[in-house]
Amino acid sequence: MKKVLTVLIFLSLVVASGPVFPSVIPNGTAVDESVILAFARQLAIGKTVEAKITGKGQDCYEFDTASDGTIHVKAGTARGVLYAVYDVLDGKTSGKETPSFSVRGINPCESFSRHTPDMIIRLIDRMGRWKMNRIIIHTEYGFERYKDLIVRECAKRGIELVYYLYDNVCFGNAVPRAYWAVDKQGKVRAPHDHLEAYDRVCASKTEGFGPYRKGVESYLSKHSDFRHIMFATADGGDYCQCPECSLKGPWEQVLPFFNLFFDVASDRTRELLVYHERYEVPKDLSRIGKLNRVMYDLHSRNRMSALTDSGKKTNNRYLYDRLLEWRKAVSGTLCIFENMMMQGDFGVPNYSVEAYLEDLRQFRQDGINGMIYEVYETGIRPHLPVLNVLSKAMWRSSDQYQIKEDANPELQHFYRLVRNFKSAPNLENLKALNTFLLNHPDRDHFDWLYIGFTSMKRCDAKAKSKLSQTSDPLEKLFLETNKLWDFMEKVENPRETTGRIITKIMERL
Ligand SMILES: [Zn+2]
């Protein structure tokens, strides 16, 4: 009976709300607004939601609550209705909000495989409450495993999926090995029989371009549902060192591939990641100038000071000046990618919130359209106070905020173990750090799989020789793969397998 009543109430609410406007977000992807509205009403238990969606002003919304509890919302999008419901759940009775940034989101670099389904649901739920509308999906790393879950949970909150395509992994694997990037001695740099995150194709052996193009065609036909795609090159800076490529700058090694991608993917919304050694706007804007979107990655910045910290020639200033050049060069949406949780920091917060807030105020003035923060669920706890503030500041960038940065004093011991390991990555510190994590009652509160894997990569020679004393083929594969994500793609049950290997190695050390 209760179920029937719920359904009846739900149906009457849908009818009461009037027509639902079909909505198209700027990348051409249709958002099913009825799914978002149904979810908003599901959250507003016991309250009627009267929604008017104008289709104007992006996610702007205004609302008030009648004496009978009915929430009246006028919003640009269905997301705005959901945001009003979140405000009511927070105890507000009326409000009017306009975002400072039209794009607000996260990039959970890089693998979903280290998350459980519950963690993914929790992360996407946080995104809704932070009033975010975009998630960056690293397609080759754990996404397929959780695809249905991610698509479903994001649809409820109107979160747009942007597919981050490592061009080497997605397309470059169609290129024969003879045309892959080489070192100075002419030896292929890729250590395995396929290209992984750090590996590249040679930009001078033009015989590889045809297969690369076929690789793009084949990938896109296999993934016709990826409507918004971002072109990202191999991670890091291991460019090809063949005699011809050695004379080329980073952009010259990337543009031939980007141009092929751009031409083949003309039916999709295309985005470019501006990253590592390629901050200067290239001279050839024949395609880049037509891009719908650019994401500018600030990974190399000093995170303790604002990007405009000084008039001197700091790296921050260099990045900021290049950013303004990009703003002039592209007419489409320009977003910042801020490496907030920075995997390599092992979950220890290493940034200044004031600097981030100052950046938001400056970016808004400079016409930057959005912010994407590196955020994942594993090890998120100490970052939550800051994320709560930044999510508000993306709506009201000029407000003042109170920040309690050290909300988890019990984590000081963990921080100390990380600092000890980083200053001396020897066997003793490696063992101390990983033993703490393995013995922790809820080790998933830490990014322990990443930390276990990466600390073993980074330990000193003496510790490494001890680690390598194994005949177990899985352990060998674990120790010989450059990135955790690539390892996790090679094994069954990646979370369990990775955890088991870390435990096994620690037991024999
Ligand atoms: Zn080359």
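The values are calculated or read from the model by the stated rules, or taken from the named source; none is laboratory data. Nothing here was measured: the structure is a model prediction, and the numbers come from that model. Note that we place each Cβ from the backbone using ideal geometry, even for glycine, and neighbour counts take in every protein chain shown.
Among the listed residues LYS476, LYS466, identify the single one that is touching a residue at least 24 places away in the same chain (Cβ under 8 Å), assigned to a helix (DSSP H, G or I) and among the basic types (Lys, Arg).
LYS466
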Q: Write out, first by first residue and then by second, each pair whose Cβ atoms fall under 6 Å of each other, whose residues are 6+ apart or on separate chains, and whose first residue, in region 296-309, is assigned by TED's automatic domain parsing to the domain that holds GLU374 and part of a strand (DSSP E or B) while the second is among the β-branched types (Val, Ile, Thr) and buried (at least 18 other Cβ atoms within 10 Å of the Cβ).
A: TYR296/VAL274; TYR296/ILE336
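I'd like the full set of residues that are surrounded by fewer than 20 Cβ atoms within 10 Å (Cβ to Cβ) and at pLDDT 95 or above, limited to region 392-403.
First, the residues of region 392-403 that are surrounded by fewer than 20 Cβ atoms within 10 Å (Cβ to Cβ): 392, 395-396, 398-403.
Hits for region 392-403 are LYS392, TRP395, ARG396.
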Q. Of the conditions (1) surrounded by fewer than 21 Cβ atoms within 10 Å (Cβ to Cβ); (2) modelled with pLDDT of 95 or more; (3) under 22 Å from the mean Cα position of the chain (by Cα), MET295 fails just one. Which one is it?
A. (1)
Q) Is there any pair linking a residue in region 494-509 that is modelled with pLDDT of 95 or more to one that is in a helix (DSSP H, G or I) and among the basic types (Lys, Arg), with Cβ under 9 Å and at least six apart or on different chains, and which? A) PRO494/ARG114; PRO494/ARG145; ARG495/ARG114; THR498/ARG114; GLY499/ARG443; MET506/LYS431
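Name the residue, out of ASP460, ASP444, ASP472, that is within 18 Å of ARG145 (Cβ to Cβ) and of a type in the set (D, E, K, R).
Working: ASP460 fails: within 18 Å of ARG145 (Cβ to Cβ); ASP472 fails: within 18 Å of ARG145 (Cβ to Cβ).
That would be ASP444, the only listed residue that is within 18 Å of ARG145 (Cβ to Cβ) and of a type in the set (D, E, K, R).
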Q: Could you grab me the full set of residues in region 163-198 that are part of a loop (DSSP other than H, G, I, E, B) and within 16 Å of the ligand (Cβ to nearest atom)?
A: VAL175, PRO176, ALA181, ASP183, LYS184, GLN185, GLY186, LYS187, ARG189, ALA190, LEU195, TYR198
Q. Checking TYR320 against (1) part of a loop (DSSP other than H, G, I, E, B); (2) out of contact with any Asp or Glu (no Cβ under 8 Å at 6 or more places or on another chain), which single condition isn't satisfied?
A. (1)
Q) When the residues of region 413-454 are filtered to those that are within 20 Å of PHE487 (Cα to Cα) and free of Cβ contacts under 8 Å to residues at least 60 places away in the same chain, which remaining residue is surrounded by the most Cβ atoms within 10 Å (Cβ to Cβ)? A) GLY452
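Given the condition assigned by TED's automatic domain parsing to the domain that holds GLN241, part of a loop (DSSP other than H, G, I, E, B) and in contact with a Gly (Cβ under 6 Å, 6 or more places away or on another chain), answer yes or no: does some residue in region 130-147 qualify? Talk me through it step by step, then tell me what you get.
First, pick out the residues of region 130-147 that are assigned by TED's automatic domain parsing to the domain that holds GLN241: none.
No, there is no match, as no residue in region 130-147 is assigned by TED's automatic domain parsing to the domain that holds GLN241, part of a loop (DSSP other than H, G, I, E, B) and in contact with a Gly (Cβ under 6 Å, 6 or more places away or on another chain).
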Q. How many residues are out of contact with any Leu (no Cβ under 9 Å at 6 or more places or on another chain) and in a loop (DSSP other than H, G, I, E, B) when one looks only at region 46-69?
A. 13
Q: May I ask you to list the residues in region 272-313 that are more than 13 Å from GLU325 (Cα to Cα) and of a type in the set (Phe, Trp, Tyr)?
A: TYR275
Q: Would you point out the residue of region 180-200, among those that are buried (at least 21 other Cβ atoms within 10 Å of the Cβ) and farther than 22 Å from PHE478 by Cβ, that is nearest to the chain's Cα centre (by Cα)?
A: ARG200
Q.
Looking only at region 239-274, count every residue that is closer than 15 Å to PHE171 by Cβ and either in a loop (DSSP other than H, G, I, E, B) or touching a His at 6+ places or on another chain (Cβ under 8 Å) (or both) and tell me the total.
A. 2
Q | Filtered residues of region 61-75 (kept if in contact (Cβ under 8 Å) with a residue 12 or more places away in the chain and touching a strand residue (DSSP E or B) at 6+ places or on another chain (Cβ under 7 Å)) | A | TYR61, GLU62, PHE63, ASP64, THR65, THR70, ILE71, HIS72, VAL73, LYS74, ALA75
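Can you find, within region 83-117, the residue that is surrounded by the most Cβ atoms within 10 Å (Cβ to Cβ) among those that are of a type in the set (D, E, K, R) and in contact (Cβ under 8 Å) with a residue 12 or more places away in the chain?
Narrowing region 83-117 to residues of a type in the set (D, E, K, R): 87, 90, 92, 96-97, 104, 110, 114.
Adding the requirement that they be in contact (Cβ under 8 Å) with a residue 12 or more places away in the chain leaves 87, 96-97, 104, 110, 114.
Working: ASP87: 20, LYS96: 11, GLU97: 17, ARG104: 24, GLU110: 25, ARG114: 27.
Applying the filter and picking the extreme gives ARG114.
Within region 392-405, is there a residue that is in a helix (DSSP H, G or I) and not assigned by TED's automatic domain parsing to the domain that holds LEU477? Working first, answer last.
Going residue by residue through region 392-405, those that are in a helix (DSSP H, G or I) are 392-393.
In the following step, the residues that additionally are not assigned by TED's automatic domain parsing to the domain that holds LEU477 were identified as 392-393.
Looking through region 392-405, at least one residue is in a helix (DSSP H, G or I) and not assigned by TED's automatic domain parsing to the domain that holds LEU477.
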Q. PHE226: assigned to a loop (DSSP other than H, G, I, E, B), away from the ligand (no atom under 13 Å from the Cβ) and crowded, with 17+ Cβ neighbours inside 10 Å, yes or no?
A. yes
Q: Would you be able to tell me the number of residues in region 239-256 that are more than 12 Å from the ligand (Cβ to nearest atom) and more than 22 Å from THR333 (Cα to Cα)?
A: 2
Q: State whether one or more residues within region 297-319 are closer than 18 Å to TYR163 by Cα and touching a His at 6+ places or on another chain (Cβ under 9 Å).
A: yes
Q.
Any residue that is assigned by TED's automatic domain parsing to the domain that holds LYS184, closer than 26 Å to ALA329 by Cα, within 16 Å of the ligand (Cβ to nearest atom) and not acidic (Asp, Glu) - is there at least one of those in region 263-285?
A. no
Q: Select from region 352-378 the residues that are assigned to a loop (DSSP other than H, G, I, E, B) and either over 30 Å from ARG443 (Cα atoms) or modelled with pLDDT of 95 or more (or both) and list them in ascending order.
A: ASP366, GLY367, ILE368, ASN369, VAL375, TYR376, GLU377, THR378
**Q.** Total residues in region 425-479, condition modelled with pLDDT under 95 and of a type in the set (Asp, Glu)
**A.** 2
